[in-house]
Amino acid sequence: MSIDRTALVTGASRGIGKSIAERLADDGFFVVGTSTTDSGVENIEGWLGDRGIGLMMRVEDSALVEASVQRIFERCGDVAVLINNAGITRDSLLVRMKDDEWDDVIETNLAGTFRLCKSVLRSMIKARWGRIVNVGSVVGRMGNPGQTNYAASKAGIEGFTRALAQEVGSRSITVNCVAPGFIDTDMTAALGDAQVDNLAAMIPLGRIGSPRDVASAVSFLVSEDAGYITGETLNVNGGLYSA
Ligand SMILES: NC(=O)c1ccc[n+]([C@@H]2O[C@H](COP(=O)([O-])OP(=O)(O)OC[C@H]3O[C@@H](n4cnc5c(N)ncnc54)[C@H](OP(=O)(O)O)[C@@H]3O)[C@@H](O)[C@H]2O)c1
């Protein structure tokens, strides 16, 4: 197996992460896609075929992240591209929010992004090339009632992205954020038809986004063509919000 450039995509079992992993494989990357379950890993291996591998990872577990990344280095060489996509919601109005609902979201979405970046960065610095894309959310800018934890984690990811971009720019490593709006995945599946219609009516492009819309933006940001873009957030939200 000859591996040119390895791309690591967290949360690749479904939704946006799966679409990103498929797109990067189509773009010619050798893709390592992660899931939290054995069946998720098996699925990823099934559709990636010889274009990548699946790997078990929970991004809130530092030891597991370190061990998994070490296995990637041994099996696939350096990680040239990292997509921090894994994310969760634990929605609740703040007055009712439990400590673990706050902690789980911050640990997975924000601290998970920190852990993965830290674990691959040394090899990118040595290679003097790298691409990191962190998946934020329109909610990080707009806010949303019931999502103080999620909004804080996603706004945090944007600040983290800008700071890290400044630290590693001199090594030709770019760090950017993609901020999706409302995208049709399991995360938004709980919305009823009426809510989806209401949301679509608020979106200038008149529809909920598809995971492929996000994957296209990621594909651009990791390409050579995007080599002079860093510390940016690219909104992929159909025009819903642009501040
Ligand atoms: N959907 C939207 O409208 C929307 C909008 C803005 C931003 N986003 C962001 O886009 C990203 C993907 O969202 P999605 O809608 O595709 O979500 P999804 O369909 O719920 O999929 C979530 C993915 O993250 C993985 N994951 C969950 N907890 C994890 C953990 N602790 N450690 C490692 N992986 C974990 C899941 O793996 P398993 O399958 O193994 O559970 C799954 O692959 C998230 O960061 C989300 O915040 C989504």
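Where a number appears in this text, it was derived from the coordinates with a stated rule and is not lab data. Here the structure is a predicted model, which is why all the values come from computation and not from measurement. Positions of Cβ are generated from backbone atoms using ideal geometry, with glycine treated the same way; all protein chains shown enter the neighbour counts.
With the alpha-carbon atoms as the only input, what is the per residue convex hull volume for the stretch 1-100 in Å³? Don't skip to the answer; put the middle values down first.
Details: hull volume 10.7 nm³, N = 100.
Per residue, the Cα convex hull of the stretch 1-100 comes to 107 Å³.
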Q. How fast does the stretch 174-214 diffuse by Stokes-Einstein, in µm²/s, taking the Kirkwood radius from C-alpha pairs at 37 °C and 0.692 mPa s?
A. 293
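Suppose R0 equals 41 Å; then what is the FRET efficiency for L205 and M97 from their Cβ-Cβ distance, rounded to the nearest 0.05?
It comes out at approximately 0.80.
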Q.
Could you give each residue of the stretch 227-234 its phi-based ³J(HN,Hα) in whole Hz, using Karplus coefficients 6.51, -1.76, 1.60 with θ = phi - 60°, and x for Gly or Pro?
A. x, 10, 10, 8, x, 9, 10, 9
Q) For the chain, which semi-axes, largest first and in whole Å, follow from the square roots of 5 times the eigenvalues of its Cα gyration tensor? A) 27, 19, 19
(Q) Can you give the longest run of the chain that contains no trypsin sites (Lys or Arg not before Pro) sitting in a DSSP loop with at most 11 other Cβ atoms inside 10 Å? (A) 129-243
Q) Calculated FRET efficiency, E232 and K118, Cβ-Cβ r, R0 22 Å, to nearest 0.05? A) 0.55
Q. What ³J(HN,Hα) values, in whole Hz, does the Karplus curve 6.51 cos²θ - 1.76 cosθ + 1.60 give for the stretch 194-205 when θ = phi - 60°, with x put for Gly and Pro?
A. 5, 5, 4, 5, 4, 5, 4, 5, 7, 9, x, 7
Q: Have a look at the stretch 52-125 and give its Rg and Dmax from the Cα atoms, expressed in angstrom.
A: 14.5, 47
**Q.** Cα-projected label distance for R14 with R71, points at 7 Å along beta-carbon direction, nm
**A.** 2.2
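For the chain, give me the percentage of DSSP beta bridges that are antiparallel, rounded to the nearest 5 percent.
Counting DSSP beta bridges with both partners in the chain, the antiparallel share is about 0 percent.
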Q: Taking amide H positions as placed in the peptide plane 1.01 Å from N, state which residues far from G52 in sequence (5 or more) or on other chains have amide H under 5 Å from it.
A: V31
Q.
Using only DSSP helix segments of four residues or longer, with each worth -39500 (n - 2.57), what per-residue ellipticity at 222 nm results for the chain after dividing by its residue count and rounding to 500?
A. -13500 deg cm²/dmol
Q) Can you tell which of I83, I20, I106 shows the greatest fluctuation in a Gaussian network model of the chain with Cα springs below 10 Å? A) I106
**Q.** Linear extension gain, Q166 paired with S39, 0.36 nm per residue minus alpha-carbon span
**A.** 41.9 nm
Q) Which value, in Å to one decimal place, does the Kirkwood hydrodynamic radius take for the stretch 93-197 when every pair of different Cα atoms is included? A) 15.2
Q) Is any residue of the stretch 11-35 close enough, with backbone N under 18 Å, to a label point placed 7 angstrom from the Cα of A190 along the Cα-Cβ axis, and if so, which? A) 15-16
